[in-house]
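Okay, so here's the structure we're looking at.
The values are calculated or read from the model by the stated rules, or taken from the named source; none is laboratory data. Because the structure is predicted, anything quoted here is derived from the model rather than measured. Note: ideal-geometry Cβ built from the backbone for every residue, glycine included; neighbour counts use all protein chains shown.
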Amino acid sequence: MNPMIMDHPLIQHKISLLRDKNTGSKEFRELISEIAMLMCYEATRDLPLKEVEIETPVAMAKTKVISGRKMAFVPILRAGLGMVEGMLALVPAAKVGHIGLYRDPETFEPHEYYCKLPMDIVSREVYVLDPMLATGGSAVDAIQMLKDKGVKHIKFLCVIAAPEGLKALTEAHPDVQVYCANLDEKLNEHKYIVPGLGDAGDRIFGTK
Ligand code: PRP
Ligand code: URA
């Protein structure tokens, strides 16, 4: 599936503020949440609808509501947590699972340290959340963990992607629709995205 780049002006404007090294944690968190909300709006565009009949104060009306599979949001810890609030603002009934992965600073390989998912995750449409897609290792592994548990319908949402990560992810999981708000230039020798925004987890939680 071709990745979808979400170049809406509001998203692009907010990403510029995110990238600024002088943006502090409070504003950074707010921006990530707002961008996630805007991305959620776009990524749910294909949700199926069904017709229902309701009575307005004026007349009976045939109108539409969302039908089909329920949703689950699965942030990759830690930085993915920053996207949850914005997603839940639009889909408050979604359940939330957590996958903990950290990237080894020497090998850049992801390591799993936590996994807690809703009991009925297999029957849900799962949105995996992580602001950063660098080498793609974390996203590829998180999605594989979900598939190993039987999850079939997966979307991946990231704010900034490197071409290397996008290639790795779409090759490993061609069935997963990927949404990213911006495609950056490249990775540097430390596998950080260039120009990127630095370490998203540290900036969200003020740990550096
Ligand atoms: C960051 C980011 C992604 C991962 C991306 O997490 O949030 O999960 O790196 O890199 P990759 O595409 O090369 O795997 P990190 O491992 O730094 O953990 P953190 O969110 O706890 O800071
Ligand atoms: N993880 C981040 O938080 N930023 C990067 O640029 C790469 C991985």
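Total residues in the range 127-169 satisfying the condition of being in a strand (DSSP E or B) and more than 11 Å from ligand 2 (Cβ to nearest atom): the figure is 8.
Scanning the range 109-124 for residues that are surrounded by 15 or more Cβ atoms within 10 Å (Cβ to Cβ) and assigned to a loop (DSSP other than H, G, I, E, B) yields Leu117, Pro118, Arg124. Within the set Met71, Met60, Met119, the sole residue that is within 26 Å of Asp148 (Cβ to Cβ), away from ligand 1 (no atom under 16 Å from the Cβ), in contact with an Asp or Glu (Cβ under 8 Å, 6 or more places away or on another chain) and at pLDDT 95 or above turns out to be Met71. For the range 144-157, state whether one or more residues are in contact with a Pro (Cβ under 7 Å, 6 or more places away or on another chain) and at pLDDT 95 or above. The answer is no, given that none of the residues of the range 144-157 is in contact with a Pro (Cβ under 7 Å, 6 or more places away or on another chain) and at pLDDT 95 or above. Pairs are defined by a Cβ separation below 8 Å, a sequence spacing of at least 6 or placement on different chains, a first member in the range 35-52 that is under 20 Å from Leu17 (Cα atoms), and a second member that is hydroxyl-bearing (Ser, Thr, Tyr); the pairs so defined are Met39/Tyr179; Cys40/Tyr127.
If I ask for residues that are touching a helix residue (DSSP H, G or I) at 6+ places or on another chain (Cβ under 6 Å), within 10 Å of ligand 1 (Cβ to nearest atom) and either over 18 Å from Glu30 (Cα atoms) or not in a helix (DSSP H, G or I) (or both), which ones from the range 170-208 would you list? Hits for the range 170-208 are Leu187, Lys208.
Scanning the range 80-102 for residues that are outside any loop (DSSP other than H, G, I, E, B), within 16 Å of ligand 2 (Cβ to nearest atom) and either touching a residue at least 60 places away in the same chain (Cβ under 8 Å) or buried (at least 20 other Cβ atoms within 10 Å of the Cβ) (or both) yields a count of 5.
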